[in-house]
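The values are calculated or read from the model by the stated rules, or taken from the named source; none is laboratory data. Source: prediction; values computed, not measured. Here the Cβ is made from the backbone with ideal geometry for all residues, glycine too, and neighbour counts use every protein chain on show.
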């Protein structure tokens with residue numbers, strides 16, 4: 001793999017999470033009604049109730065597409081397991097944008113699938129790397145969702161959503177960094193089907 005091609009994939013990997021978060025931040029900033037405690041992030045993408053729905057949904061769909069391309073072109077050749085999980089995560093994020101809150105239960109379903117895919121990535125990372133921090137990230141995400149669904153703390157889903165995403169990103173970045181260092185050497189980790197140290 002040439003250095004320029006590798007750099008392209010690294011840029012894709014970074015854009016995959018920076019771009020949707022940036023679009024979400026812009027959408028939230030331009031929505032005076034949006035509140036982290038009372039709303040879900042997807043409220044910003046409601047096609048008939050949110051004036052910033054095009055911004056929000058465009059950001060999610062672009063981010064999901066980019067993560068999918070990154071997973072298939074760069075992660076999958078080095079690790080089938082992580083590559084498949086990330087490709088599925090990217091696709092499910094596209095579905096969250098395509099089936100916004102107007103679709104009701106369908107939107108809820110694809111949203112649950114997306115966040116479960118993030119959890120699957122974290123669990124896989126924790127097992128393959130014996131990572132206590134990744135395991136704690138899973139626990140933090142699960143606890144935040146249990147508090148929200150069972151006790152209404154907080155009332156909206158935005159905070160649990162952000163907790164899950166924040167727990168995921170450091171290990172996504174570490175995966176990206178590990179691939180950058182090791183994929184050229186073709187060093188495999190037989191327990192997880194990927195470069196050692198992922």
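Looking only at the stretch 69-103, count every residue that is part of a loop (DSSP other than H, G, I, E, B) and either in contact (Cβ under 8 Å) with a residue 40 or more places away in the chain or under 10 Å from the mean Cα position of the chain (by Cα) (or both) and tell me the total.
4
Out of the residues in the stretch 66-82 that are surrounded by fewer than 21 Cβ atoms within 10 Å (Cβ to Cβ) and under 18 Å from residue 128 (Cβ atoms), state the one that is modelled with the lowest pLDDT.
77
Which residue, of 147, 162, is surrounded by fewer than 20 Cβ atoms within 10 Å (Cβ to Cβ), over 21 Å from residue 87 (Cα atoms) and in contact with a helix residue (DSSP H, G or I) (Cβ under 8 Å, 6 or more places away or on another chain)? Before the answer, list the steps.
On the way: 162 fails: over 21 Å from residue 87 (Cα atoms).
Result: 147 is the single residue among 147, 162 that is surrounded by fewer than 20 Cβ atoms within 10 Å (Cβ to Cβ), over 21 Å from residue 87 (Cα atoms) and in contact with a helix residue (DSSP H, G or I) (Cβ under 8 Å, 6 or more places away or on another chain).
Does residue 29 satisfy the condition of being over 27 Å from residue 147 (Cα atoms), over 18 Å from the mean Cα position of the chain (by Cα) and surrounded by fewer than 23 Cβ atoms within 10 Å (Cβ to Cβ)?
It is false that residue 29 is over 27 Å from residue 147 (Cα atoms), over 18 Å from the mean Cα position of the chain (by Cα) and surrounded by fewer than 23 Cβ atoms within 10 Å (Cβ to Cβ).
Hey, among 142, 138, 127, which residue is more than 17 Å from the chain's Cα centre (by Cα) and modelled with pLDDT of 95 or more?
The unique qualifying residue is 127.
Please go through the stretch 150-198 and pick out each residue that is in a loop (DSSP other than H, G, I, E, B) and either modelled with pLDDT under 95 or under 22 Å from the mean Cα position of the chain (by Cα) (or both).
The answer is 154, 156, 157, 186, 187, 190, 191, 192, 193, 196, 197, 198.
Name the pairs whose Cβ atoms lie under 8 Å apart, with the first residue in the stretch 36-50 and exposed (fewer than 13 other Cβ atoms within 10 Å of the Cβ), the second modelled with pLDDT under 95 and assigned to a loop (DSSP other than H, G, I, E, B), and 6 or more positions between them or separate chains?
Nothing qualifies.
Just to check your reading of the model, which residue among 106, 118 is surrounded by 17 or more Cβ atoms within 10 Å (Cβ to Cβ) and assigned to a helix (DSSP H, G or I)?
Numbers: 106 fails: surrounded by 17 or more Cβ atoms within 10 Å (Cβ to Cβ).
Only one candidate passes the filter, namely 118.
So which of 66, 55 ends up being over 18 Å from residue 178 (Cβ atoms), touching a residue at least 40 places away in the same chain (Cβ under 8 Å) and part of a helix (DSSP H, G or I)?
Just a single option satisfies the conditions, and that option is 66.
Could you give me the residue pairs with C-beta distances under 6 Å whose first residue belongs to the stretch 158-176 and is touching a residue at least 60 places away in the same chain (Cβ under 8 Å), whose second residue is crowded, with 21+ Cβ neighbours inside 10 Å and assigned to a helix (DSSP H, G or I) wherever it lies, and which are 6+ apart or on separate chains?
158/41; 161/41; 176/13
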